[in-house]
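The values are calculated or read from the model by the stated rules, or taken from the named source; none is laboratory data. Keep in mind that this is a model prediction, so the values were computed, not measured. As a convention, Cβ positions derive from the backbone with ideal geometry for all residues, glycine included, and neighbour counts pool all protein chains shown. Side chains included, ligands, DNA and RNA excluded: accessible areas come from the protein's heavy atoms. Shrake-Rupley method; radii C 1.70, N 1.55, O 1.52, S 1.80 Å.
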Amino acid sequence: MEWRLAPSGSHGCHLMTLVRPGRVSFQDFVPDAAEGKFHHALSSADLIAEESGWSFRLLSTHFAPFSPEVRAFEASWVTEFGAADDGIVAGDLNGMWPGDPEPQNWDWLPAELHSRHRRLNPDGTYGPSNRDALASLRNAGFRDPVSDLGHPWAATVGHWSDRESYPMRSDYILPAAGVAGRLRALKVVSTPEVRALSDHLPVIADFALSS
(Lines give C-alpha, C1' and ligand atoms only; values in the text may rest on other atoms or scores of the structure.)
Protein backbone atom coordinates (compact mmCIF):
# COMPACT_ATOMS: atom_id res chain seq x y z
CA MET A 1 0.00 0.00 0.00
CA GLU A 2 1.04 3.59 -0.52
CA TRP A 3 1.28 5.65 2.65
CA ARG A 4 1.53 9.19 3.96
CA LEU A 5 2.64 10.13 7.50
CA ALA A 6 1.25 12.92 9.67
CA PRO A 7 3.55 13.43 12.70
CA SER A 8 1.80 14.04 16.00
CA GLY A 9 2.53 17.10 18.08
CA SER A 10 2.41 15.06 21.32
CA HIS A 11 3.20 11.62 22.68
CA GLY A 12 4.33 10.13 19.38
CA CYS A 13 0.75 9.30 18.36
CA HIS A 14 1.42 9.75 14.64
CA LEU A 15 -1.25 9.27 11.98
CA MET A 16 -0.90 7.20 8.84
CA THR A 17 -3.07 7.27 5.72
CA LEU A 18 -2.74 4.27 3.42
CA VAL A 19 -4.31 3.57 0.02
CA ARG A 20 -4.22 0.58 -2.27
CA PRO A 21 -2.76 1.52 -5.68
CA GLY A 22 -5.01 0.47 -8.52
CA ARG A 23 -8.13 1.30 -6.51
CA VAL A 24 -7.46 4.62 -4.77
CA SER A 25 -4.66 7.12 -5.27
CA PHE A 26 -3.46 10.32 -3.64
CA GLN A 27 -4.13 13.62 -5.39
CA ASP A 28 -2.82 15.74 -2.52
CA PHE A 29 -1.80 15.27 1.10
CA VAL A 30 -1.40 17.85 3.87
CA PRO A 31 0.20 16.30 6.96
CA ASP A 32 -0.56 19.26 9.25
CA ALA A 33 -3.86 20.70 8.09
CA ALA A 34 -4.28 22.58 11.40
CA GLU A 35 -0.90 24.29 11.14
CA GLY A 36 0.43 23.00 14.45
CA LYS A 37 -2.62 23.87 16.53
CA PHE A 38 -3.73 20.33 17.39
CA HIS A 39 -2.57 18.45 20.47
CA HIS A 40 -1.94 15.50 18.18
CA ALA A 41 -2.60 15.99 14.46
CA LEU A 42 -5.05 16.65 11.66
CA SER A 43 -4.15 15.49 8.17
CA SER A 44 -6.04 16.03 4.92
CA ALA A 45 -5.83 13.61 1.99
CA ASP A 46 -7.46 14.34 -1.35
CA LEU A 47 -8.12 10.93 -2.86
CA ILE A 48 -9.59 9.57 -6.08
CA ALA A 49 -11.19 6.22 -6.80
CA GLU A 50 -9.36 5.24 -9.96
CA GLU A 51 -12.09 3.20 -11.65
CA SER A 52 -15.04 5.56 -11.06
CA GLY A 53 -13.19 8.86 -10.81
CA TRP A 54 -14.93 9.77 -7.53
CA SER A 55 -12.81 12.31 -5.65
CA PHE A 56 -13.13 12.70 -1.90
CA ARG A 57 -11.29 14.17 1.06
CA LEU A 58 -10.29 12.11 4.09
CA LEU A 59 -9.57 14.05 7.27
CA SER A 60 -7.63 11.88 9.69
CA THR A 61 -7.32 13.17 13.22
CA HIS A 62 -6.77 12.47 16.89
CA PHE A 63 -8.49 14.91 19.23
CA ALA A 64 -6.88 16.01 22.50
CA PRO A 65 -7.24 13.49 25.35
CA PHE A 66 -7.12 15.80 28.35
CA SER A 67 -9.64 18.61 27.80
CA PRO A 68 -13.17 18.79 26.34
CA GLU A 69 -12.61 22.48 25.67
CA VAL A 70 -9.52 21.78 23.57
CA ARG A 71 -11.42 19.08 21.67
CA ALA A 72 -14.16 21.59 20.89
CA PHE A 73 -11.54 23.98 19.52
CA GLU A 74 -10.03 21.21 17.40
CA ALA A 75 -13.46 20.25 16.06
CA SER A 76 -13.87 23.80 14.76
CA TRP A 77 -11.13 23.03 12.22
CA VAL A 78 -13.24 20.19 10.83
CA THR A 79 -16.84 21.45 10.91
CA GLU A 80 -16.61 23.35 7.61
CA PHE A 81 -16.47 20.01 5.76
CA GLY A 82 -19.65 18.59 7.34
CA ALA A 83 -21.99 19.67 4.57
CA ALA A 84 -19.62 18.76 1.75
CA ASP A 85 -20.34 16.10 -0.84
CA ASP A 86 -16.85 14.62 -0.60
CA GLY A 87 -15.71 14.62 3.05
CA ILE A 88 -15.00 11.88 5.60
CA VAL A 89 -13.47 12.42 9.04
CA ALA A 90 -11.90 9.46 10.83
CA GLY A 91 -10.04 9.13 14.09
CA ASP A 92 -9.94 8.87 17.85
CA LEU A 93 -12.17 11.78 18.87
CA ASN A 94 -11.85 11.03 22.61
CA GLY A 95 -15.51 11.60 23.41
CA MET A 96 -19.03 10.23 23.43
CA TRP A 97 -21.35 10.87 20.53
CA PRO A 98 -24.48 12.92 21.35
CA GLY A 99 -27.24 10.46 22.04
CA ASP A 100 -25.01 7.61 23.18
CA PRO A 101 -26.01 6.44 26.69
CA GLU A 102 -24.78 8.51 29.61
CA PRO A 103 -23.02 6.50 32.34
CA GLN A 104 -25.37 5.82 35.26
CA ASN A 105 -22.53 6.86 37.54
CA TRP A 106 -18.88 7.83 37.26
CA ASP A 107 -17.46 5.51 39.92
CA TRP A 108 -15.49 3.69 37.23
CA LEU A 109 -13.35 6.77 36.55
CA PRO A 110 -10.69 7.99 39.01
CA ALA A 111 -11.47 11.45 40.37
CA GLU A 112 -8.35 12.97 38.82
CA LEU A 113 -9.56 12.01 35.33
CA HIS A 114 -13.07 13.46 35.49
CA SER A 115 -11.90 16.73 33.96
CA ARG A 116 -11.12 14.83 30.74
CA HIS A 117 -14.71 13.79 30.16
CA ARG A 118 -17.26 15.74 32.20
CA ARG A 119 -18.89 19.13 32.11
CA LEU A 120 -17.99 21.44 34.97
CA ASN A 121 -21.01 22.96 36.75
CA PRO A 122 -21.05 26.61 37.91
CA ASP A 123 -20.74 25.47 41.53
CA GLY A 124 -17.54 23.55 40.75
CA THR A 125 -19.07 20.08 40.76
CA TYR A 126 -19.07 17.80 37.75
CA GLY A 127 -22.12 17.16 35.61
CA PRO A 128 -22.68 14.85 32.65
CA SER A 129 -20.19 14.05 29.93
CA ASN A 130 -19.04 16.97 27.83
CA ARG A 131 -19.90 16.20 24.21
CA ASP A 132 -19.51 19.67 22.72
CA ALA A 133 -16.81 18.68 20.21
CA LEU A 134 -18.77 15.84 18.69
CA ALA A 135 -22.03 17.77 18.86
CA SER A 136 -20.45 20.47 16.71
CA LEU A 137 -19.49 17.85 14.11
CA ARG A 138 -23.03 16.49 14.10
CA ASN A 139 -24.54 19.95 13.82
CA ALA A 140 -22.19 20.74 10.92
CA GLY A 141 -23.59 17.84 8.90
CA PHE A 142 -21.40 14.84 9.65
CA ARG A 143 -23.46 11.67 9.93
CA ASP A 144 -22.98 9.06 12.64
CA PRO A 145 -23.16 5.60 11.06
CA VAL A 146 -24.86 4.26 14.20
CA SER A 147 -27.49 6.80 15.25
CA ASP A 148 -28.10 8.34 11.81
CA LEU A 149 -27.59 5.43 9.41
CA GLY A 150 -28.62 2.40 11.48
CA HIS A 151 -25.35 0.50 11.72
CA PRO A 152 -24.70 -1.51 14.92
CA TRP A 153 -23.27 0.14 18.02
CA ALA A 154 -20.04 -1.25 19.46
CA ALA A 155 -17.62 0.10 22.03
CA THR A 156 -14.08 0.90 20.91
CA VAL A 157 -12.57 1.49 24.37
CA GLY A 158 -13.03 0.27 27.94
CA HIS A 159 -11.40 -3.14 27.62
CA TRP A 160 -7.81 -2.18 28.40
CA SER A 161 -7.47 -0.65 31.86
CA ASP A 162 -9.34 -0.48 35.14
CA ARG A 163 -8.69 3.27 35.20
CA GLU A 164 -11.02 3.90 32.25
CA SER A 165 -13.12 0.78 32.08
CA TYR A 166 -16.44 2.13 30.79
CA PRO A 167 -17.31 0.65 27.37
CA MET A 168 -17.94 3.58 25.02
CA ARG A 169 -17.28 4.79 21.53
CA SER A 170 -14.21 6.96 21.17
CA ASP A 171 -13.20 6.16 17.58
CA TYR A 172 -15.31 7.19 14.63
CA ILE A 173 -15.60 7.25 10.85
CA LEU A 174 -18.04 10.04 10.03
CA PRO A 175 -19.15 10.73 6.45
CA ALA A 176 -20.25 14.22 5.53
CA ALA A 177 -23.86 14.66 4.49
CA GLY A 178 -23.10 14.14 0.79
CA VAL A 179 -21.08 10.97 1.36
CA ALA A 180 -23.35 9.17 3.85
CA GLY A 181 -25.26 7.38 1.10
CA ARG A 182 -22.07 5.60 0.02
CA LEU A 183 -21.57 3.88 3.39
CA ARG A 184 -22.32 0.19 3.02
CA ALA A 185 -21.11 -1.34 6.29
CA LEU A 186 -19.45 -0.50 9.60
CA LYS A 187 -17.86 -2.78 12.14
CA VAL A 188 -15.54 -2.71 15.15
CA VAL A 189 -12.99 -5.51 15.21
CA SER A 190 -13.00 -7.07 18.69
CA THR A 191 -11.18 -10.39 19.02
CA PRO A 192 -9.00 -11.53 21.92
CA GLU A 193 -5.93 -11.01 19.75
CA VAL A 194 -6.91 -7.47 18.76
CA ARG A 195 -8.01 -6.51 22.28
CA ALA A 196 -4.56 -7.47 23.56
CA LEU A 197 -2.82 -5.11 21.13
CA SER A 198 -4.22 -1.70 22.03
CA ASP A 199 -6.49 0.33 24.28
CA HIS A 200 -8.53 1.22 21.17
CA LEU A 201 -10.24 -1.18 18.79
CA PRO A 202 -10.12 -0.66 15.02
CA VAL A 203 -13.19 0.62 13.18
CA ILE A 204 -13.79 -0.43 9.58
CA ALA A 205 -16.17 1.37 7.24
CA ASP A 206 -17.02 0.11 3.75
CA PHE A 207 -17.83 2.87 1.24
CA ALA A 208 -18.99 2.39 -2.33
CA LEU A 209 -16.34 3.88 -4.62
CA SER A 210 -18.79 4.06 -7.53
CA SER A 211 -22.30 5.46 -7.38
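Values as computed for the structure displayed
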item	result
Pairs with Cβ under 7 Å, 6+ apart, first in segment 105-125 and aromatic (Phe, Trp, Tyr), second open to solvent by 50 Å² or more (accessible area, probe 1.4 Å)	108/166
Residue that is most open to solvent (accessible area, probe 1.4 Å), among those in segment 109-157 that are of a type in the set (A, V, I, L, M, F, W, C) and part of a loop (DSSP other than H, G, I, E, B)	153
Long-range neighbours under 9 Å by Cβ, at least six apart or interchain, first residue loosely packed, with under 15 Cβ neighbours inside 10 Å within segment 31-42, second part of a loop (DSSP other than H, G, I, E, B)	36/9; 37/9; 37/77
Test result for residue 16, aliphatic (A, V, I, L, M) and in a loop (DSSP other than H, G, I, E, B)	no
Count of segment 90-108 residues which are over 14 Å from residue 65 (Cα atoms), modelled with pLDDT of 95 or more and open to solvent by less than 50 Å² (accessible area, probe 1.4 Å)	6
Within segment 60-89, considering residues that are under 14 Å from residue 34 (Cα atoms) and surrounded by fewer than 16 Cβ atoms within 10 Å (Cβ to Cβ), the one nearest to the chain's Cα centre (by Cα)	76
